[in-house]
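Structure, as structure tokens:
What follows is calculated from the coordinates using simple rules that are stated; it is not laboratory data. From a predicted model like this one, the values you see are computed outputs, not experimental measurements. Using ideal geometry, Cβ is built from the backbone for each residue, glycine included, and neighbour counts are taken over all protein chains shown.
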Amino acid sequence: MTAITITSTEILDQVPIGTLKLNGQPKDKVAKAQDDEHDSGHSTEEDDEVVVVDPYNYVGETFGSGPGENYPFAEFLPHNPDRTESDPPLPHFDIQDRGLKAHPNAARLRAFVEARGGKVRDQLVAVGTVIEGDIKLEELGEEEKDDLALLVAQRGVVFFRNQHSLTIEAQRDLGKHFGPLHKHATYATPRRGDLDDVVVVYADHNSRPDLYAFSRAELFHSDVTYEVQPPGTTILRLLTTPEVGNDTLWSSGYTVYSSLSKPMQKYLESLSAIHSGNDQAASRTGITKIPRRQPIETIHPVVRVHPVTGIKSVFVNPGFVTRLVGVPKAESDMILNFLKDQFAQQTDATVRWSWKSGDVAIWDNRIVNHSATFDAYPSLRHGLRVTPHAETPISVEEYESTTGQKAKDWLEERHRSLGIKPLARDDGKTKKRAFRD
């Protein structure tokens with residue numbers, strides 16, 4: 001059978017699924033884009049087969065031609081340029097975290113927001129903050145950007161609505177304030193051709209999730225952690241979103257660490273893990289034979305310390321971590337599976353964002369893992385990510401020896417700020433199961 005794709009408009013004729021919602025575009029343009037897509041000549045023969053993909057590795061321009069020639073963001077559609085050879089490995093970057101220059105409690109950013117009638121509102125106790133009001137990211141000054149770096153380091157992820165006026169140039173400038181912009185080793189860049197440091201986040205009618213290829217817990221990840229200096233403060237802006245679905249979740253590494261027993265914390269602090277780019281590179285060989293850079297593997301500590309907050313965070317993810325160093329395979333698999341499930345199951349420290357076109361999420365890849373939901377097929381989801389480098393991950397031992405300061409536990413710091421005494425020692429008695437409605 002011939003492999004084909006099904007357009008979103010064909011599916012929409014059958015079931016009430018999410019439709020296109022474009023960044024500030026009139027509805028007639030949306031309809032025109034869908035009509036163009038419907039007229040693009042996809043086969044619908046009964047004996048044809050729908051292509052399914054592993055959404056973890058799908059980044060667009062794999063099977064189809066995209067959403068139609070009149071799509072208003074065509075210059076930002078994913079593109080994979082042909083290469084005759086790979087670039088050399090990345091150099092070492094001297095990173096000075098801008099959060100270290102911030103005012104305590106991000107006071108200047110808060111004043112900037114409040115002066116415009118907005119509000120800084122936390123979503124959960126542990127993670128997630130929304131900047132409400134008519135706040136334009138491109139209007140932030142140097143001091144407000146520094147405070148934003150601190151707020152993201154404290155809260156994991158910060159959200160801004162209605163950033164329709166934020167150009168890709170302004171988004172890149174904001175990213176450069178936080179660090180040198182990462183150029184992805186394998187992923188597509190915008191079709192425009194001069195944006196090698198921008199990653200296209202893309203799903204369409206050609207990306208039907210293959211439920212046999214992944215589990216939900218496996219999709220939680222931190223971006224490109226195989227790099228020697230993985231990303232820190234990262235900026236994603238959505239151009240086009242489904243009306244419903246394709247949310248993103250962020251889960252805190254601070255709280256995963258805090259949830260563990262003291263013996264487990266100490267054990268994990270002693271470990272390192274191998275982060276590999278090999279699988280990601282292999283998934284792209286059908287699209288581009290020569291990657292921008294050859295894949296690498298890097299060893300990072302399982303528990304890292306954020307250089308601004310001094311708080312310890314678990315730093316592993318199933319997307320790139322292959323095994324623990326110096327640990328037998330059975331033990332390594334058990335520990336990594338346990339940590340994978342901790343990130344996926346901690347409902348009190350996982351924030352969920354329902355996107356609207358023009359929204360921006362800024363998160364710290366050092367301290368949160370994230371995952372999209374893949375529930376809105378065949379609708380179009382299209383965004384642009386700017387991904388600044390951060391420092392080489394710092395272990396607890398290295399942080400304490402170089403700074404002379406003791407690394408912190410997020411929950412202990414929260415209890416201290418509230419004047420709450422730590423929990424008493426376990427009394428060793430059987431505990432009855434309790435519940436609340």
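Given the Cα-Cα distance of S401 and E297 and 0.36 nm per residue of separation, how much length would full extension add, in nm? Walk me through the numbers before you get to the answer.
Details: separation 104, 0.36 × 104 = 37.44 nm, distance 2.62 nm.
Full extension of this stretch gives 34.8 nm more.
For D210 and V327 in one chain, what is 0.36 nm times their gap in residues minus the Cα-Cα distance, to one decimal in nm? All intermediate terms of the calculation are to be shown ahead of the outcome.
Working: separation 117, 0.36 × 117 = 42.12 nm, distance 3.24 nm.
Gain on stretching D210 to V327: 38.9 nm.
Provide the packing ranking of 218-228, 321-331, i.e. peptides ordered by the mean count of other C-beta atoms within 10 Å per residue, highest first. Walk me through the numbers before you get to the answer.
Numbers: 218-228: 21.7, 321-331: 13.6.
The densest-packed peptide leads the list: 218-228, 321-331.
Distance from the Cα centre of the range 276-313 to that of the range 199-231, in angstrom?
12 Å
What net charge do the residues around D341 carry, taking every other residue with its C-beta under 12 Å from that of D341, with Lys and Arg at +1 and Asp and Glu at -1?
Working: positive: R216, K340; negative: E218.
Taking every Cβ under 12 Å from that of D341, the sum is +1.
Enter the Cα centre distance for the pair the range 336-350 and the range 384-437, rounded to the nearest angstrom.
Between the Cα centres of the range 336-350 and the range 384-437 lies a distance of 15 Å.
Excluding residues on the same chain fewer than 8 positions from K312, give the lysines whose Cα lies under 16 Å from its Cα.
Cross-link targets: K262, K266, K406, K408.
Read phi for every residue in the range 271-285 and hand back ³J(HN,Hα) as whole Hz from Karplus 6.51 cos²θ - 1.76 cosθ + 1.60, θ = phi - 60°, with x for Gly and Pro.
Values, residue by residue: 9, 10, 10, 8, 9, 10, x, 5, 5, 4, 5, 5, 5, 9, 5 Hz.
Quick one: dipole size for the range 308-391, taken about the Cα centre, charges +1 on Lys/Arg Cβ and -1 on Asp/Glu Cβ, in debye to the nearest 20.
Numbers: 9 positive and 8 negative charges, 33 e Å.
Roughly 160 debye for the range 308-391.
Please go through the range 190-228 and write out the trypsin sites (Lys or Arg not before Pro) that DSSP classes as loop and that have at most 12 other C-beta atoms within 10 Å. Working shown, then result.
Numbers: sites: R191, R192, R216; in loops: R191, R192, R216.
Qualifying residues, ordered by number: R216.
Points 7 angstrom from Cα along the Cβ direction at T430 and K356: gap in nanometres?
Using points 7 Å along Cα→Cβ, the separation is 5.4 nm.
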